[in-house]
Amino acid sequence: MVILAAAVCAVLCVRRALPPGSAEVPWGTVGLLTGLYLACELPGRHPFFGSSVPISAGSFFPLLLAAAFLLPPAAAALVAIPGSLAGRVENAPVAARRVWRTAQLVITVWVASTVHGLLGGGATLGGPDPGLLPDFPYAVLPACVAALAFSLVLTALDGSILAAAERLPVRRAWSGLLPSSLGPHLVHGLAGLMMALLWRSSYGPLSALFVLLPMYISCWVFSQYHRQQAAHRATIRALVQAVDIKDTYTRGHSERVGRASVLIARELGMAEDRLEVLRFAGILHDVGKLGVPTRVLRKDGPLTPEERRVIELHPEYGHEIVRGIGFLGEARAAILHHHERLDGSGYPYGLSGREIPEFARVVAVADAFDAMTSTRSYRRGRPVPVAVEELKRCAGTQFDPQMVRALARAVERCGWAAESVAVTADEAVPLPGAGAGAGAGARSGFVRQASRPRPPDGLDGADGLDAAAERPR
Amino acid sequence: MTGAVPAVRGGAVALALGGLAHTLWHGVHEPWHALAFGVLITVGELARWGALPGEREPAPLGAAGALAYALLGRSGGQPTTHGVFQVIAVLVAAQLVAAVPHVARGSGPTADQLARRIVTVTFAAVCFQPLYNSGRTADWFGDGPFFALFLLVLLGLTALCDAVLGALLLRSGAFPHGFRSRGGTSIPYGPLLRDELRALLGIGSAVCATGAVMALGVAVAGLWALPVLCVPLLLTQVSFRRFVAVRTTYRQTIASLARSTEIAGYTPHGHARRVAVLCTAVGRELGLSGTELTVLEYAALMHDIGQLSLVDPVPDGATAPLPAAEQRRIALLGGAVVRQTGVDSEIAVVVERQADPYREQPLPARIVRAVNAYDDLCGEGLSGPLGALERLRLGTAHDYQPEVVESLAKVLARGGLTPVPPG
């Protein structure tokens, strides 16, 4: 419905340019810009470029804005049509999305061009004659106002389609869009202004293309950035899965501890960037188990004091492993100290009270909480309220009461799905031991998922809790 | 070629002194333009603050501003009169001003970077200013689209000159003084130049395009065009910096993952890092560059990751002396772990195939295999590096590619490992 309305509006915008009689439309410029926009959008569809040049929508807005500055509104709106109809669409339904995007851009460009014209922007651009210089400081104003109008209309249309299609409340659909897109659109506006200036000058359209290159490259780099970041996330998960290879009892534990840590921190009102680091602290807290011999980790029966000492080295191993990862910052301290206890009887250093880093205190609570509520092969998980009571009982001696209270509040408010193992979509990827089909015949010497009952060995973070409750049932 | 660094530095110093002296003697033409471009270059150079080690061009705005000033023939429709010497003088003055806070912080740009910038910009100015001021370009190209093309071609040449210079400096800086007299062989020049040229496609082309646009924009609209034109390039710089930051983090994480086998006690201390550094050096020797080197480096870092799946460590963590079937099984398990890390599947393939006979392997896997065996054998017995190389040579019929082993020997003979330029 919204799409239809927008399409009708778009047609109305363009209609005035279509009669061949309209004299003032510079068809040469229209044709050139249209072809250019089409040529820019097409590589996104090509399978070869498609993967290496993932061009997001908006890479070529400077071109559209330049058209808005150079041409009368109806003709400028015409420029957007072939390119946006041909451009890449990621999700189905393809046809409806194409039509919507085209209509959206036509209306937006029309508005921007109209605003620019009303402020007298056309005359500020100068011309090819040496005597016709651009009216410079003033030329920036219409361009910026037009870019502002462009941004407003585009986000308003985006918001309304979100509201219509996904039944979001209109205010929420709009609120997030404008602040994030205003800056880029202003930059696009300035680039568009320079393109229009050079286009009109004696150097002609070719020199205007030079402006596009930096914009294009920064878009390309930006997409590379997102790819690298995704790869980085996957590597962190691989680090966690490397622990799972050795210690299959605690599958999914790391991700859940990360989630619980974030819940606590959000309740405490920590800043968003620290939340991210804390999440990594939670996810990676047990990475040091990589350093513990597999035989000890997977031992059936009670541990000897010697073996317990080896296991208690895991926070230090973990710290050693992540030492080189610069961005983890505070998370490294959390990994080292997540087994410290408030009364000073924990390990590795026996810190007490406020000496224990804040992140470590958060992770300790999250770790114990998940260890109690999740079901292990040797015992069932406890109900959430029971676990919270248990934590409250140990607050002050083992855990920081502030963190326990925060967790209790957060769990009450948001709930806790203890067994939702698949926190990340890739969690379900088969582990190497089972996945390497070629080695299937010769896997005898490798660890496998055990189904034997296993007594508690103090690895659970809940190790200081009532030992009787931890016995296998 | 060993004299390249002193030659470039000396040339730059001579140019700088000549430019400053000439400008002081004759006075500054169009002081407002000189000031505006000087401020632009200074601001651009200041952006070296917080540059990360892997960045190709830490001050793109400075570069673009300097190039634009070198290629400026008109401003707001009026011809300009600054010559080559004033371009150099403004550039040098701006660089000196911008260096003050850096030096105060104790982390200035290296002399080589400054020298390279001076020589490159002088090249552009010498190619352009005399031609333009004598009116030749107007005769040849007019003042229309062909002039814009001419500028672009000129900038392309300048970029080429810069790349050649960069590779030269990198190569000369790569080994210590007096090294040649000891009979070492040098790093091949080709891959270094290829790396530099590849970098041109990224930020280099953005710098060139912005330089051309600035020169043309100022010619059309006067100095007001400068701030407007900075914006897209600044955006490019910001996105590059974020990209480099996340790439650095990613590399650190991969290295941590690689180190986990050492901490788990499966491999000797520092093994993964040593193998990665040696592999990169050998790969460079064999003419790999850019992405191929990154694939090689990551694969080398993670080549032993499959051992995490073993209940008991292999003796000394050395896979080379194990039976071939066992080696291949560990390699396959490692490949499966690597596939989950989100790196290119190419890297996983290298890890998987690292234990195959060399004729069935891709080149990176051959390198990883030989270098890993070398490091394992070195640590194993009393034979030491020479003995290890000897055993590799004996295995060239089936396991190790002869060319790879010879390159390894060459790299080792060089004594030091070559530094890896970021790419």
**Message:** Pairs please, first residue from segment B:396-416 and closer than 18 Å to B:R353 by Cα, second anywhere and assigned to a loop (DSSP other than H, G, I, E, B), Cβ atoms under 6 Å, 6+ apart in sequence or on different chains.
**Reply:** B:H398/B:P357
**segment A:246-265, residues that are closer than 16 Å to A:L407 by Cβ and among the β-branched types (V, I, T)** = A:V257, A:V262, A:I264
**Prompt:** Considering only residues of segment A:203-227 that are surrounded by fewer than 21 Cβ atoms within 10 Å (Cβ to Cβ) and within 7 Å of another protein chain (Cβ to nearest Cβ), which is farthest from B:R339 (Cα to Cα)?
**Reply:** A:G204
**Request:** Mind listing just one residue for me: the one in segment A:228-261 that is of a type in the set (G, A, S) and within 15 Å of A:S374 (Cα to Cα) and, of those, surrounded by the fewest Cβ atoms within 10 Å (Cβ to Cβ)?
**Result:** A:G252
**Asked** Within the set of pairs 6 or more residues apart or between chains, which connect a residue that is among the acidic types (D, E) inside segment B:57-77 to a residue that is modelled with pLDDT of 90 or more with Cβ atoms less than 7 Å apart?
**Response** B:E57/B:A63
**Prompt:** Among (1) crowded, with 18+ Cβ neighbours inside 10 Å; (2) within 12 Å of chain B (Cβ to nearest Cβ); (3) touching a Phe, Trp or Tyr at 6+ places or on another chain (Cβ under 8 Å), which single condition is A:P137 missing?
**Reply:** (1)
**Request:** Tell me, please, whether a residue that is aromatic (F, W, Y) and within 11 Å of chain A (Cβ to nearest Cβ) can be found in segment B:282-305.
**Result:** yes
**Prompt:** Looking at segment A:341-352, is at least one residue more than 14 Å from chain B (Cβ to nearest Cβ), in contact with an Asp or Glu (Cβ under 6 Å, 6 or more places away or on another chain) and in a helix (DSSP H, G or I)?
**Reply:** no
**Prompt:** For segment B:380-389, does any single residue satisfy the condition of being at pLDDT 85 or above and either under 25 Å from A:Q241 (Cβ atoms) or surrounded by fewer than 18 Cβ atoms within 10 Å (Cβ to Cβ) (or both)?
**Reply:** no
**Request:** For B:T236, state whether it is assigned to a helix (DSSP H, G or I), at the interface with chain A (Cβ under 10 Å from one of its Cβ atoms), touching a helix residue (DSSP H, G or I) at 6+ places or on another chain (Cβ under 9 Å) and at pLDDT 85 or above.
**Result:** no
**Filter result for the condition that a residue is modelled with pLDDT under 85, surrounded by 21 or more Cβ atoms within 10 Å (Cβ to Cβ) and of a type in the set (K, R), over B:R359, B:R339** = B:R339
**Message:** Suppose we filter segment A:147-186 for residues that are over 22 Å from the mean Cα position of the chain (by Cα), at pLDDT 85 or above and either on the phi > 0 side of the Ramachandran plot or within 14 Å of another protein chain (Cβ to nearest Cβ) (or both); how many remain?
**Reply:** 2
**Prompt:** Taking segment A:293-316 on its own, how many of its residues are crowded, with 18+ Cβ neighbours inside 10 Å and in contact with a Leu (Cβ under 7 Å, 6 or more places away or on another chain)?
**Reply:** 2
**Asked** Can you tell me which of B:A264, B:A212, B:A245, B:A276 is more than 7 Å from chain A (Cβ to nearest Cβ) and crowded, with 21+ Cβ neighbours inside 10 Å?
**Response** B:A276
**Item:** Selection status of B:A4, buried (at least 18 other Cβ atoms within 10 Å of the Cβ) and not basic (K, R)
**Value:** no
**Asked** Restricting attention to segment B:314-357, and to residues there that are within 9 Å of another protein chain (Cβ to nearest Cβ) and in contact (Cβ under 8 Å) with a residue 40 or more places away in the chain, which single residue is farthest from A:P293 (Cα to Cα)?
**Response** B:D344
**Prompt:** In the list A:E312, A:E316, which residue meets the criterion of being under 13 Å from A:G288 (Cβ atoms) and either within 14 Å of another protein chain (Cβ to nearest Cβ) or aromatic (F, W, Y) (or both)?
**Reply:** A:E316
**Request:** Among the residues of segment A:228-256, write down those that are more than 7 Å from chain B (Cβ to nearest Cβ) and hydroxyl-bearing (S, T, Y).
**Result:** A:T248, A:Y249, A:T250, A:S254
**Asked** Given B:V207, B:V218, which one is more than 9 Å from every other protein chain (Cβ to nearest Cβ), modelled with pLDDT of 85 or more and closer than 30 Å to B:Q78 by Cβ?
**Response** B:V218
**Complete:** The condition from (1) more than 14 Å from A:A196 (Cα to Cα); (2) part of a loop (DSSP other than H, G, I, E, B); (3) more than 34 Å from the chain's Cα centre (by Cα) that A:V89 misses is numbered (3)
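The values are calculated or read from the model by the stated rules, or taken from the named source; none is laboratory data. Please read these numbers as outputs of a predicted model, since none were measured by experiment. Counting neighbours? That spans all protein chains shown, and the Cβs are built from the backbone with ideal geometry, glycine included.
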